[in-house]
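Quick notes on the structure that follows.
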């Protein structure tokens, strides 16, 4: 058993890796190459809930959580979030419709449908549009020719319940997969025993003028969310050299509560359509030709219908939709010791939003401020090229991408924007011996402003023009270096990065507008695994970043960059009693927020230490039972800060923002049947 365990553990490098090596979020399918290591078994490991952001936060110290509700939370990687992180699901890019991040991209896929995830840090992805500081590639399950299936039932604290079913099968040529799930959860209680409504009560009691933000008596005890999903796939090997992949993903969330936001989501519907066609061995200059196309759509109305503010304002609804369409043609071939990739990439995003009062356009359909984001289009076309050269112990990688992006809006009197960008990177990996590797690289990447940053207008004829039509694109100029060591029972990875951000887009809470500012972020990561005995091994990971604006924003003094989480440490003890029974205890430590952007709504947060435990027992070949407890000691703590680029509840003379506490003690059980 020890040899098997070492094979798994030594490949299970948690947290941070060198360039393009994904962090450990589960069991890794052993892969020795630095840039293709992939994380496996997300659906099997992270079964507490279907929220991917929470799973990433628990498993990786380099990922921080932006807590918004019981589900549909967001992530921060290296002090960056939103459009600064490129997220794809099976190659398709999906964007949230909500300008307040109620539906971030990672919320449109559930953990039970995920096969593996690549979490690549830095500006080293030239294949996708807008990969500024990190790249999250989510790969869902693939159909198999053998007839198989899985049924799982999950229950937990705070009235959580979930059922999921997956069926797969086919022939050598054609394979199918169908997966569906349903989950529902009540308002979780924090360590003080307060529900969402009670957390609001605590804040409202000390902040005059915020009473309208509380839930109406009829809705104080309503569930926090309901979510349903469907995933359907067909893989067809047309010939030995041709294949076609089709997939459709549907996720629908209803009545999702966001207690520290003035509105809740009435519903959130997402659809992803995906097509991939591959041709192999076309000749010397085309070993593999891939054509992929996708369309993703999100429909997201949010309103105050459950809040006391309806008495004075009526039911105010902000209804937004977004659609992404994209296509990519990629050709891969080899010349001598060069592995070359050439490609074309195209995408178009439409984003539209409008306000309603008691079901009618607000203030009226003819008024320009009836719209928040008025039919904004972002069109991008790009050419990219990559080269990988292997010489003895060295591996050299080069990437280049040219983008042309046009952004327009139907809002009268507002100019269109056009951006050009030449991005590239070079990095080298030196394989000193079988147990050590070294890495260094530099890269330049960019991303353009989105429709909210350029055009957003708050509701009403006297509303605020939050968007800034004169924003420049953001450019990241970064240097990375690191090392990896693997000994008999111990592994160690370390990485340092320095990011120089030109024209970083920041929200100014004083002027209530977005503006460009130069900034820097630097940080380091250390991670690894230690095998203590045949049955016991440890995973560890530490991450630390600092961020500074080079100059304070207009009319402000604070130079601290927002959303830069403090030091975070993950430590896990794994114990395999035998092949059918294993236990895990994981601790997560977050340091105190001592550096934060107070001018823009952030506040000091206390440090925290949380312990999570779980055990898994298999019965025969078909049944698996998992029991677990998160936050064993029922701590009261907060992870995400209160940066005012989100519209959060704020009141009182000092205008401090309502903080959202994390869940208290959470007990759960999952039974899974496979066939």
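Each value in this text was obtained by applying a stated rule to the coordinates, not by laboratory testing. As the structure is a prediction and not an experimental result, all values here were calculated from the model. Neighbour counts run over all protein chains shown; Cβ positions are idealised from the backbone, glycine included.
With contacts taken as Cα pairs under 8 Å and at least 6 residues apart, region 254-349 reaches a relative contact order of 25 percent. Based on Cα contacts under 8 Å between residues 6+ apart, the chain shows a relative contact order of 12 percent.
The slack between residue 391 and residue 532, meaning 0.36 nm per residue of separation minus the straight C-alpha distance, is 47.1 nm.
A helix-only calculation puts the chain at -1500 deg cm²/dmol for mean residue ellipticity at 222 nm, using -39500 (n - 2.57) for each DSSP H run of at least four residues, averaged over all residues. With the simple model of a label 7 Å out from the Cα in the direction of the Cβ, residue 242 to residue 594 spans 6.5 nm. State log₁₀ I(q)/I(0) for region 271-406 at q = 0.11, 0.14 Å⁻¹ as given by the Debye formula over alpha-carbon point scatterers of equal weight, solvent excluded. Scattering profile of region 271-406, log10 relative to I(0): -0.63, -0.79. Mind jotting down the distance between the C-alpha centroids of region 463-517 and region 248-296, whole Å? One Cα centre to the other: 25 Å.
Modelled spin-label separation between residue 548 and residue 622, with each label point placed 7 Å from Cα along the Cα-to-Cβ direction: 6.4 nm.
Sorted ascending by nearby beta carbons within 10 Å, beginning with the fewest, 315, 639 become 315, 639. Largest first, the extents of the alpha carbon coordinates of region 584-674 on the three principal axes equal 62, 24, 18 Å.
What shape does region 130-177 take by its C-alpha gyration tensor, where a ≥ b ≥ c are the square roots of the eigenvalues and a/c under 1.5 counts as rounded, a/b above b/c as prolate, and the rest as oblate? Judged from the Cα gyration tensor, region 130-177 comes out oblate (a/c at least 1.5, b/c at or above a/b). Ranked by how many other Cβ atoms sit within 10 Å of their own Cβ, fewest first, the residues 576, 240, 606, 503 fall in the order 240, 606, 503, 576.
Compactness of region 527-628, taken as the C-alpha radius of gyration over 2.2 N^0.38 Å, stands at 1.60.
Between residue 161 and residue 336, what's the calculated FRET efficiency when r is the beta-carbon distance and R0 is 41 Å? Round to 0.05. Mind dumping the intermediate values first?
Numbers: r = 58 Å, r/R0 = 1.42.
In this case the efficiency is close to 0.10.
For a distance above 17 Å, tell me the whole-number percent of Cα pairs in region 385-460 that qualify. Across region 385-460, Cα pairs with separations above 17 Å total 63 percent. Listed options for volume of the Cα convex hull per residue in Å³ are (1) 307; (2) 187; (3) 145. The value calculated from this structure is the one marked (3).
What per residue convex hull volume, in Å³, comes out for region 441-571 when only alpha-carbon positions are used?
Considering the Cα atoms of region 441-571, their hull volume per residue is 134 Å³.
Panel order for 251, 345, by other beta carbons found within 10 Å of each beta carbon, from fewest to most: 345, 251.
Label-to-label distance for residue 404 and residue 422 is 1.5 nm, based on points extended 7 Å past Cα in the beta-carbon direction. Computed on region 267-412, with alpha-carbon pairs under 8 angstrom and 6+ residues apart, the relative contact order is 18 percent.
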